[in-house]
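See below for the structure under consideration.
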Amino acid sequence: MAGRPWVWSWLAAAAVFLGTTLFTGGTGAGGLGQAALTFAAFSVLVGLGQMFVITLGPGNIDLSIPATMTLAGTVSLKVMDGAAGTEVLGLVVALAVGVAVGVGNFALIKALRIPPIIATLSSSFIVQSTAIWTNRGRRIKPPESLAEFSIGMTFGVPNLALVALALTVGAWVLLERSLFGRLVSAIGQNQRAARMAGVPVDGVRLATYVLCAVLAALCGFLVACFSGGAALNMGAEYLLMSIAVVVIGGSAVAGGNSNVPGIWGASLFMFLVVSMLNTYGLGAGVRLILTGLIILTVILVASGGRRGRA
Amino acid sequence: MRRIPAEALRVLVPAFSFVALLAAVFWLQPRAMSYLGLNLLFNLAVPIALATIAQMLIIAINDLDLSIGTFVSFVACVTATYLHDAPLVGALILMASIGVYALVGAVIYLRDLPSIVVSLGMSFVWAGLAVLILPAPGGAAPDWVRALMTVKPPLAPMAVIASVIIAAVAHLIVMRSSFGVALRGVGGNARSMSRAGWSVLRLRAATYALAGLFGVMAGVTLVGLTTAADANIALRYTLLTIAGVILGGGEFTGGRVSAIGAVIGALTLTLAGSFLTFLRLSNDWQIGAQGAILFLVLAVRLVLNRREGAA
Amino acid sequence: MFHGDDAVPLIEVRGAEKSFGAVRALDGADFAIRPGECVGLVGHNGAGKSTLVSVLNGGLRADAGEVLVGGVDRREAHSVAEARGFGMRCVFQELSLCPNLTVAENVRILHGGLGGWGWRVRAARLVTAMLDAIFPGHGIDAGAGLGSLSISERQMVEIAIAFLEVDAPVRAVILDEPTSSIDASRAADLLGHIRRFVAKGGAVVFISHILSEVLSVTDRIVVMKDGRVVAERASAAFDARGLVQAMGSVAQERAAARDARAVTGPPVLERGGLRVWPGEIVGLAGLAGHGQTEMLRALYLAASSNWRQARDPMVAFVAGDRQVDGVFPLWSILWNASLSVLPDKTWWGLIDRSAEAAFGEDWRARIGIRTPDMGAPILSLSGGNQQKALFARALGGRAPVVLMDDPMRGVDIGTKQEVYGRLRAEADGGRTFLWYSTEMDEVRLCDRVYVFRDGVIVAEFASEAVTEENILAASFQGAAA
């Protein structure tokens, strides 16, 4: 509430953008912007889901995002088999995979009474295996229409960025204006108090894990269409990325207090840092180290403030 | 009648599942029941077991280390380059990295930070350093490391003996020594610990340093087996070690861990892959089987705990 | 003052004062403990017993007065470490050991001087010998994990470790409800050990709700009320009835009782011997921590769903332990107050923010939350006003039954009066209240009272029988008339 923690991620993204374009003398700024929007869109999708989960409070985290992306990508491409007219079916299948994984995750948390981190970790093993089994090493191309859509632009803005933007607005409404968002935040601050205030804790948590898995599945579907086929490691980088954009975006790691705009700022920033360092001729090593140092700095600075919850 | 104490149960369940899996493997493939067969089955278990002990130490004090995989990769890269070419520099780098672990442990406590996010940040740092040191797969294992990992002791293969030694040493440190008691005390009831006059800060830093040491040993032995390194060599370890600790009877909170259990957990996960190969099932299901075994053991433990709670 | 002993007190407090916000927990208390005596400390909830114990053992610093350790004033500097070094040990009701370690390992943790080779064997030997001495035939294995022991075994271990001498002599032991989870014969073992310890020159402070134990084991009994010592005599000069009378106040007028409720039809709530009819204000009394909160929580959890939010909730809950059960620290006053009524202010899942704000303004006026802005952070309010926001959360909804878990903890007297008035108005309007309170004044406001002891209901009083003496007598074991 007090302060706008997301401003920093946007300022950082803008500074990096300037730093890059100044170096190149302004050439390629448009292309850089478009690329940033496209790739940020993927991080935004998984980041939004992870943000809702993290808002649920300490210990809540979804480690099955990469596996869900991979499974949704492979299964939906297999169902569509590159044929025209199957786009909607593919999308529905991908989302259904998300629902199934989300329900499965929460069922494990509840039934085995294990922390979310181990439940989503172990389910990710099985989901990943299912993906490998479905895929069998073949690379199926997405339907032409979807491939074109995913790399296309509308009024100079990448279609994927528009999709992500629409979902971001939806997520903002859900978090800031809806009853569901209020309940998630209540659970994240004090689960016991939330239960004693009539909040249906299990129901809200189930919905949150499903939401996260569905967003991951959608992201997997889009990544597969964008890159011309599903790959078994296509989700790998999004595990840490999904957590990183939530943290850098200024959401509280301890839960209860999240914000949506920061996800976009952080996602743009993460991509732009990579391109800036590439432009400067620095390699992947420096890039990774800087990313790590940024996360550490953000968490150190954020903890220095007023939040001192025991 | 006294029921079986929870501590014994903690090791018995993973031990039983391990023996059952091993029996299944032998039944499917009797030739595995040989010196060579056992060595093949468990070869890669040594570094995983060491890394699992590292993770177990962190879990014992209610934290979680998401950077252990990249850290082991980093150590592997240092081992295959500096430790091979300039042993002194290499050793210094590795010692410094243990110091960084201690520092991370101290900072997490002093600023009351979530270990998940801090170790997430550190995982990027280690990965970056690994890429800087070894941009492309390569390097070479120092001769002594290679010799250590390919030694052929009588009676049982190196991997088996090494696992037993790792389990025994870790058990002595964590379960038997004063330091081990204190570190598990921090996990169990940190408030009483500081009230009784212990420095929780120092204990936590020391625990992280010890975890760093085991991580270093994991990286060095891994290169001894593979003879070369690359920056992504051990990324899987982060998730494998968490699974191994839990499989071995550890719990996420409350300082309830078992060193022997953790090593057995690591061996079980290694074995799960081989089991599928012998079943002539496709390798696709290897990690899936690891997940399934994890569930199975957790479910068994839940049933046992419930029974104990009812008693 | 008691004049039976001229020895220099081991530790003594004079005129100790300690306040928590508006609450004066200690209001000029005098207390001393000398070598070779066992002192009983009794009093009802909020009398200041636990605060006094914390001042003695260095856990809290007194605001004013003197804290003399071995005859020297150490009020500013007294600490847990100093108290321990001086040979003072405490056993509290809640477990202070590590449940994941074995008995011997816990001894190692609490006795730093026990290092070196073979400590495990020595620790096991020491603690087993002490257990043998206090509780013969205890059957506790020093190698067993503490978590695998029963509650009474844990309590025995905790007591044994407190009496254990490793590097420094044990001079004084404070036992706060040490027998709460051990059976009568084990309790007798402990009392025997206390007498032997005292005979050898040790000092013991003994706190218990079982008056027969207090009367039989102590040399002297100190009765506290409202943060002061109100009676102090040799134990022989007391009997159970006299103690109860000393704890109570002198014949206070009962607040004007409400009209007797006509009890008709089926009860709205029923559980474990407790039955509540519509429109009643039912009190749950007894010493703190004897199962009242657990009862309220169980009632609430049974009557509400974990899966979907009810539009017409059956029960509402007002937390007493605000930080643990009530307040959402990152939110505004308004959001804290409106949480339970949101389903009524929601269309298509979206919150009608103006309706929510109107609700806030309405209740700010009705219950008198002192803030210019309901959008201000909840933590900017005083404890009493935070509590009003929690009352608004419960009373603002439509739930016919309101469960209150000692909600006036740490609330100033003005706020209390306002809330009492509000509750009566609501009850007259047909609402049912189940009210756990640790304060006698509040219990006397109830139509009917259940007294809890050791987790179960031990007595029920209605209208005229709801008196302080009846309730005190039922709260303390062995004092029932």
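Side notes on the structure shown:
- Projecting the Cα positions of C:GLY87, A:ALA35, B:GLY249 onto the charge dipole of the protein assembly as shown (unit charges on Cβ atoms of Lys, Arg, Asp and Glu, taken about the Cα centre) puts A:ALA35 furthest along the positive direction.
- 5 angstrom amide H check on C:PHE20, placed H, neighbours 5+ away: C:ALA25
- Relative contact order (%) - region A:156-310, alpha-carbon pairs under 8 angstrom, separation at least six: 19
- Angle in degrees between helix C:151-163 and the longest Cα principal axis of chain C, rounded to the nearest 10: 50
- Most positive-pole-ward Cα, B:PHE42, C:PRO313, B:ALA259, against dipole of the protein assembly as shown from beta carbon charges: B:PHE42
- Paramagnetic label reach from B:SER194 (point 7 Å along Cα→Cβ; backbone nitrogen cut-off under 11 Å): within region C:75-89, no residues.
- Using a Förster distance of 60 Å, the FRET efficiency for B:LEU40-C:SER19 (Cβ separation, nearest 0.05): 0.25
- Packing-based ranking, highest mean first, of C:112-121, C:458-467 given that Cβ atoms within 10 Å are counted: C:458-467, C:112-121
- Close amide H pairs (under 5 Å, H built 1.01 Å from N) link C:ILE351 with A:SER178, A:LEU179, residues at least 5 positions away or on another chain.
- Among B:TYR109, A:TYR238, the order by Cβ neighbours within 10 angstrom, fewest to most, reads B:TYR109, A:TYR238.
- Each DSSP beta bridge with both residues in region C:402-480 is either parallel or antiparallel, and the antiparallel ones are about 60%.
- When the Cα gyration tensor is reduced to axis lengths a ≥ b ≥ c, the ratio a/c is 1.5 or higher for region A:147-304, and with a/b not above b/c it is classed as oblate.
- Added length on full extension, which subtracts the Cα-Cα distance from 0.36 nm per residue, A:ARG4 to A:LEU18: 2.8 nm
- Each of B:MET122, B:MET95, B:MET175 was scored by other Cβ atoms within 10 Å of its Cβ. Listed from fewest to most, they are B:MET95, B:MET175, B:MET122.
- Separation in nanometres of the label points that stand 7 Å from Cα toward Cβ, at A:LYS141 and B:LEU12: 6.1
- Take every DSSP beta bridge whose two residues both sit in the protein assembly as shown; close to 55 percent of them are antiparallel.
- Euclidean distance of C-alpha centroids, region C:319-342 and region C:412-481, integer Å: 25
- Separation between Cα centres of region C:358-401 and region C:282-307, rounded to whole Å: 23
- A Cβ-based charge dipole, computed about the Cα centre of region C:86-148 with Lys and Arg at +1 and Asp and Glu at -1, lands at about 220 debye.
- In chain C, Cα pairs under 8 Å separated by at least six residues give a relative contact order of 17 percent.
- For C:VAL222, the amide hydrogen comes within under 5 Å of the amide hydrogens of C:GLY40, C:LEU41, C:VAL42, counting only partners 5 or more places away or on other chains and with H modelled in the peptide plane.
- Of A:SER64, B:SER177, A:SER43, C:SER181, the sequence from fewest to most neighbouring Cβ atoms within 10 angstrom is B:SER177, C:SER181, A:SER43, A:SER64.
- Each Lys and Arg contributes +1 and each Asp and Glu -1, all at the Cβ; summed about the Cα centre of the protein assembly as shown, the dipole is approximately 1780 debye.
- Mean ellipticity per residue at 222 nm, deg cm²/dmol - from DSSP H runs of n ≥ 4 across the protein assembly as shown, formula -39500 (n - 2.57): -18000 deg cm²/dmol
- Protection proxy ranking of C:60-68, A:284-292, by the mean of other Cβ atoms within 10 Å over each peptide's residues and highest first, is A:284-292, C:60-68.
- Taking a ≥ b ≥ c as the square roots of the Cα gyration tensor eigenvalues, chain C comes out prolate, since a/c reaches at least 1.5 and a/b is larger than b/c.
- P(r) weight above 42 Å for the protein assembly as shown, C-alpha pairs, percent: 49
- Dividing the mean sequence gap of close Cα pairs (under 8 Å, 6+ apart) by how many residues chain A holds gives a relative contact order of 36 percent.
- Candidates A:SER251, C:ALA162, A:PRO143 compared by Cα position along the dipole of the protein assembly as shown: farthest toward the positive end lies A:PRO143, with charges placed on Cβ.
- Charge dipole magnitude, Cβ of K and R +1, D and E -1 - chain A, Cα centre, debye nearest 20: 820
- Eligible lysines near C:LYS18 by straight Cα distance, threshold 21 Å, same-chain separation 8 or greater: C:LYS49, C:LYS225
- Spin-label model, A:ALA96/C:ASP454: points 7 Å from Cα along the beta carbon direction are separated by 6.1 nm.
- Fraction of antiparallel bridges per DSSP, chain C only, in percent to nearest 5: 50
- Cα gyration tensor shape of chain A, rounded if a/c is under 1.5, else prolate or oblate by comparing a/b with b/c: oblate
Where a number appears in this text, it was derived from the coordinates with a stated rule and is not lab data. Because the structure is a prediction, the values reported are computed rather than measured. Positions of Cβ are generated from backbone atoms using ideal geometry, with glycine treated the same way; all protein chains shown enter the neighbour counts.
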